[in-house]
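The values are calculated or read from the model by the stated rules, or taken from the named source; none is laboratory data. Model, not experiment: these values are computed from the prediction. FYI the Cβ positions are ideal-geometry reconstructions off the backbone, even for glycines, and counts take in every protein chain you see.
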Amino acid sequence: MKQFVVVALLGLAGVGVCLAGGSDERSATQPATPTAPAEAKYPDAPQGARIRPDGWFAPLTQVKKPPLPEPIERAFVIPIEDAITGTMYEAIQRKIIRCRARGAQIIIFKMKTPGGSGAAMRKIVRLIIDELRDIYTVAYVAPEAFSAGAVISLACDEIVVSPTAVIGDAMPIMIGPGGQLVPIPDKERGKIESGIRSEIRVLAKRNGYNVELCEAMITITMEIWLIRNTGTCELQIVEAKEWRHRVSGGPKKDKAPAVKSDTSWRYVRTVDGPDELVTMTADEAVEYGIATHTFGDMDALTEHYQITPAPAVLRDNWSERLVAFLTSPTVTGILLMGALFFAYIEMHTPGFGAAGSIAIACFAVLIGSRFLVGMANWWEIALLAIGVVLIMVEVFVTPGFGVPGIAGILCMVVALLAMIVPNAPTQLPIPKTALDWDLLRTGVLALGLGFVAALIAAAIASKYLPKFPIASKLVLAAAKASTAPPASPKAPIQRIQIDETGTVEAPCRPVGKVRIGDDLIDASSEGEMIEKGALVRVLRRDGNRLIIERVT
């Protein structure tokens with residue numbers, strides 16, 4: 001019996017709280033963070049509604065979001081702390097590629113921006129929606145996200161705020177060459193706002209935000225009310241012009257339809273006036289369901305999401321810009337061309353010298369820059385190394401061109417292509433998003449142009465470099481003529497005739513040995529390196545050695 005009385009009293013108290021609401025009611029003193037789902041307290045509450053001490057909002061859309069592991073081990077922070085420009089978009093794109101390549105589980109966009117370019121904003125929104133659909137994204141507004149920054153925040157899976165945060169005021173404006181505001185004619189403004197409002201509706205429905213409230217960030221003529229159902233205590237945020245005749249107790253307006261006598265909705269307060277843009281404080285953003293939590297600093301946010309170790313902050317410093325430059329398609333093609341060209345020069349140079357060092361340096365920069373941003377995983381580097389070893393075996397050990405050479409080329413091609421696509425170490429480098437395919441296309445084009453340029457440079461070098469006094473020291477020149485006679489008139493070389501063919505026994509670099517019939521004779525090529533096992537033809541006798549060329 002006592003339990004029944006307690007429940008009855010609590011129920012009456014709840015109804016009393018519901019009926020106490022009036023036009024001056026404020027809830028800023030109420031707890032900022034929503035409590036448990038509505039079903040826990042009100043069996044008849046809409047599914048997914050958020051309970052507050054004074055009622056609940058209309059149900060939020062149940063949105064499927066990427067799962068969050070416990071604890072989170074790979075977290076990244078991308079600061080947006082200035083005006084949003086095309087350059088910022090490119091920087092954010094690079095950072096998103098880096099996050100995906102490192103297997104990010106959560107990405108936190110730290111918002112401190114006055115807004116900026118609408119075109120750049122749209123591109124950043126598409127990056128978040130399309131490229132990060134499998135990674136949980138959080139917008140941490142600390143302390144402000146105005147205009148384009150507010151729209152970018154709405155694109156994330158969740159918005160959290162600092163105690164002094166402000167978010168909203170996203171009406172498009174036009175700025176003249178001198179930095180002054182330029183009035184936008186009504187028709188043109190309507191066209192611009194129509195497009196942005198459609199994007200806002202998509203983002204609001206995607207994340208379960210109130211559509212009218214989000215649209216009122218864009219359009220200054222919208223009036224937004226907070227109303228309550230007197231029977232169920234349900235709270236809703238609505239546009240005044242659609243509800244003025246259905247709500248009792250609201251502000252009067254000339255020529256407004258009369259309020260229906262049977263209405264069950266009561267005006268609570270005006271959220272946004274007809275000549276204002278929605279701009280919310282931290283408490284208001286949480287109350288209206290835009291933000292979910294208030295965090296005093298990054299440490300509190302990190303603790304809430306159980307992030308260990310601390311998230312990596314990706315700032316725009318000189319090293320970030322340097323790595324971005326080195327991984328650009330143009331520089332990638334130049335590095336590959338340099339690596340292949342100087343490797344070719346080294347093969348035609350006695351010993352090991354500057355050309356080999358430059359080739360190694362080009363490969364090191366090409367691979368190292370991608371390793372720093374996480375695009376080159378250990379197995380991709382190992383595969384590239386295996387390919388290089390197989391090609392060296394083909395050149396210096398096995399005769400002709402066979403399995404080791406083909407396998408080495410395939411290993412190098414696969415490794416280089418794998419380094420282009422951002423993928424976590426546990427994932428295969430298979431393009432999944434539009435950005436992945438774009439990176440693959442530009443990367444293949446850069447590598448292809450670099451390879452073709454290396455072939456052209458090698459052909460030019462083999463023909464013209466030996467003619468220059470300084471450059472001739474870098475390549476193998478043709479063998480100099482010798483007037484010395486054979487050691488003996490009966491020497492085997494005397495039996496060899498011009499145009500006779502044989503097989504290389506010791507690689508000619510340019511001097512080596514050739515077997516013709518049963519005779520093993522010293523021979524020299526005319527500057528070309530000829531590997532062991534190659535078929536050659538005698539051009540002439542030069543003292544005690546033969547001058548040969550490869551038979552093609």
Kindly list, by first and then second residue, each pair from a residue in the range 121-133 that is crowded, with 21+ Cβ neighbours inside 10 Å to a residue that is in a helix (DSSP H, G or I) and among the small types (Gly, Ala, Ser), limited to pairs with Cβ atoms under 6 Å and residues at least 6 apart or on different chains.
-> Met121/Ala148; Ile128/Ala155
Taking the range 505-548 and keeping only residues that are in a strand (DSSP E or B) and either in the same structural domain as Ala461 (by TED's automatic domain parsing) or in contact (Cβ under 8 Å) with a residue 40 or more places away in the chain (or both), one is left with Cys508, Ser524, Ser525, Val538, Leu539, Arg540, Arg541, Asp542, Arg545, Leu546, Ile547, Ile548
Sole exception among (1) touching a residue at least 40 places away in the same chain (Cβ under 8 Å); (2) in contact with a Pro (Cβ under 8 Å, 6 or more places away or on another chain) for Gly208, by number = (2)
Residue that is nearest to the chain's Cα centre (by Cα), among those in the range 534-544 that are modelled with pLDDT of 85 or more and not charged (D, E, K, R) | Ala534
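With respect to Glu199, determine if the residue is of a type in the set (Asp, Glu) and within 30 Å of the chain's Cα centre (by Cα).
In short, yes.
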Residues Val160, Val141: which one is touching a His at 6+ places or on another chain (Cβ under 6 Å), at pLDDT 90 or above, assigned by TED's automatic domain parsing to the domain that holds Glu287 and not in a helix (DSSP H, G or I)?
-> Val160
Which one is farthest from Pro71 (Cα to Cα) among residues in the range 97-125 that are modelled with pLDDT of 90 or more, part of a helix (DSSP H, G or I) and within 14 Å of the chain's Cα centre (by Cα)?
-> Lys123
Report yes if Gln30 is modelled with pLDDT of 55 or more, among the polar types (S, T, N, Q) and within 30 Å of Tyr267 (Cβ to Cβ), otherwise no.
-> no
Met217 vs (1) of a type outside the set (S, T, N, Q); (2) over 21 Å from Phe295 (Cα atoms); (3) at pLDDT below 90: all pass except (3)
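Among the residues of the range 294-341 satisfying the criterion of being part of a loop (DSSP other than H, G, I, E, B) and of a type in the set (A, V, I, L, M), which is nearest to Ile108 (Cα to Cα)?
Among residues in the range 294-341 that are part of a loop (DSSP other than H, G, I, E, B) and of a type in the set (A, V, I, L, M), the one nearest to Ile108 (Cα to Cα) is Leu314.
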